[in-house]
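Report on the structure given below.
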Amino acid sequence: MPLHEQRRAIANAEAAPRPALSPKRKVLEGEGNELRMNDPSAFDIPGCTLTLNASLRERTTFRVPARAARLIEVARSDALPQLFARDELARDDILVLGGGSNMLFTHDWPGTVVAMATRGVDIAEDRGDNAIVRCAAGENWNDFVHWALAQGFAGLENLALIPGCVGAAPIQNIGAYGVEVKEFINAVEVYDRRTRSIEHLSRDQCAFAYRDSLFKREPGRYVITQVNFLLPRTHALRIDYAGVREELAAMQVATPDARAVARAVVRLRMRKLPDPVVVGNAGSFFKNPVVESTKADALGAKHPDLPRWQVSDMLAKLSAAWLIESCNFKGLREKDAGVSNQHALVLINYGNATGAQIWALAQRIQHAVVERFGVLLEPEPIVV
Ligand code: EPU
């Protein structure tokens with residue numbers, strides 16, 4: 001559904017009377033509760049649907065086979081307190097799934113997968129030069145970026161075409177072409193399973209870092225329901241990252257604006273990264289490792305073409321893709337698990353790979369890079 005229709009839908013949903021939520025209600029205990037959690041037709045939380053023994057294959061961009069004992073789709077975030085008040089869920093292993101673009105299942109999930117399917121975006125506060133824009137967790141990230149551009153907001157253009165949903169963006173602080181999403185996040189609304197309430201976490205509370213955040217460090221505690229962005233209407237374009245300026249020149253754009261930068265980024269990504277719609281993958285499988293500058297200098301002296309960037313006085317980031325390519329993994333394929341021949345950081349499911357096969361290949365890469373360069377590559381996706 002296009003975003004303008006979704007906005008209308010959310011407005012209608014908000015106007016409609018909502019069933020009273022009564023988290024203190026204790027009707028959900030005991031055998032009746034067990035029965036409802038194992039009987040989709042008796043599962044009765046508004047805005048939530050239950051599927052037993054659900055396939056997760058089409059719910060992650062790796063498209064590896066995996067099943068969840070229970071899958072609960074949540075279309076209304078105000079259902080979460082009632083949902084998590086269930087004794088069964090309190091005891092269960094919960095995994096929250098968004099667009100599935102940063103997750104590798106190496107086995108079935110024995111507990112409950114909660115899939116956020118909430119929709120809606122609106123301008124909560126227009127301040128002229130900028131605005132607070134609220135977006136539901138289940139919205140598609142790329143649709144949101146293009147909606148924001150169409151509304152005249154700038155800032156997110158370098159993050160166009162990143163797969164996944166809006167609620168996943170803060171988890172790993174998505175980034176591309178010299179921009180990280182944290183710069184534009186004002187607050188993140190979450191359901192906190194520890195306090196059992198909806199909370200607003202400020203940008204500082206989210207403790208963002210390179211491909212990292214509070215949410216990644218405390219897995220299972222927070223369910224992100226909505227992200228509040230602070231989006232400027234004018235913003236200095238970032239076109240210095242390798243390739244962006246050149247792409248704009250190739251597009252014959254003399255005076256680029258945010259929309260032109262987004263088009264350039266889309267073209268670059270389509271050329272450089274395998275499309276998850278066509279071939280299973282989760283983007284970069286490893287983070288670029290951050291090492292002590294002395295180590296980076298020593299490696300640089302031995303391998304002058306190793307790309308590296310100083311990130312602080314003491315630390316430098318190395319190109320994981322270069323390290324992997326140097327160990328001859330680029331383009332390698334074992335059965336249906338492989339390393340992209342377009343980009344060495346991207347692991348691929350050519351069709352029938354299992355998550356375990358992909359993970360075994362990832363571990364082989366880790367070992368080879370440690371042996372040769374003494375650097376441990378950390379996976380970027382969540383490996384289950
Ligand atoms: N390189 C290689 N071999 C390759 C690809 C790249 O040696 O196969 C070297 C090149 O020298 C290149 C350098 O690595 O100049 C950097 O490559 P690139 O610009 O593609 O960036 P990256 O550091 O490999 C990061 C993000 C990507 C993001 C790009 C562009 C991480 C882990 N990855 O990749 O994000 O799209 O920058 O900004 O930080 C993702 O997180 O899933 C992702 C795709």
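Odds and ends about this structure:
- The set of residues in the range 248-273 that are within 14 Å of the ligand (Cβ to nearest atom), open to solvent by less than 10 Å² (accessible area, probe 1.4 Å) and not small (Gly, Ala, Ser) comprises 261, 265, 268.
- Conditions (1) surrounded by fewer than 15 Cβ atoms within 10 Å (Cβ to Cβ); (2) modelled with pLDDT under 95; (3) on the phi < 0 side of the Ramachandran plot; number of the one not met by residue 220: (3)
- Counting only helices (runs of 4 or more DSSP H) that fall entirely inside the range 284-384 and contain at least 2 residues that are within 11 Å of the ligand (Cβ to nearest atom) and of a type outside the set (Lys, Arg), the qualifying elements are 320-326.
- Selected residue [among the hydrophobic types (A, V, I, L, M, F, W, C), open to solvent by 30 Å² or more (accessible area, probe 1.4 Å) and at pLDDT below 95] from 90, 124, 150: 90
- Selected residue (only one of 323, 299, 318 is in contact with a Pro (Cβ under 7 Å, 6 or more places away or on another chain) and either touching a residue at least 40 places away in the same chain (Cβ under 8 Å) or surrounded by 18 or more Cβ atoms within 10 Å (Cβ to Cβ) (or both)): 318
The values are calculated or read from the model by the stated rules, or taken from the named source; none is laboratory data. Nothing here was measured: the structure is a model prediction, and the numbers come from that model. Note: ideal-geometry Cβ built from the backbone for every residue, glycine included; neighbour counts use all protein chains shown. In case anyone asks, the SASA skips ligands and DNA or RNA and just uses the protein heavy atoms, side chains included. Shrake-Rupley method; radii C 1.70, N 1.55, O 1.52, S 1.80 Å.
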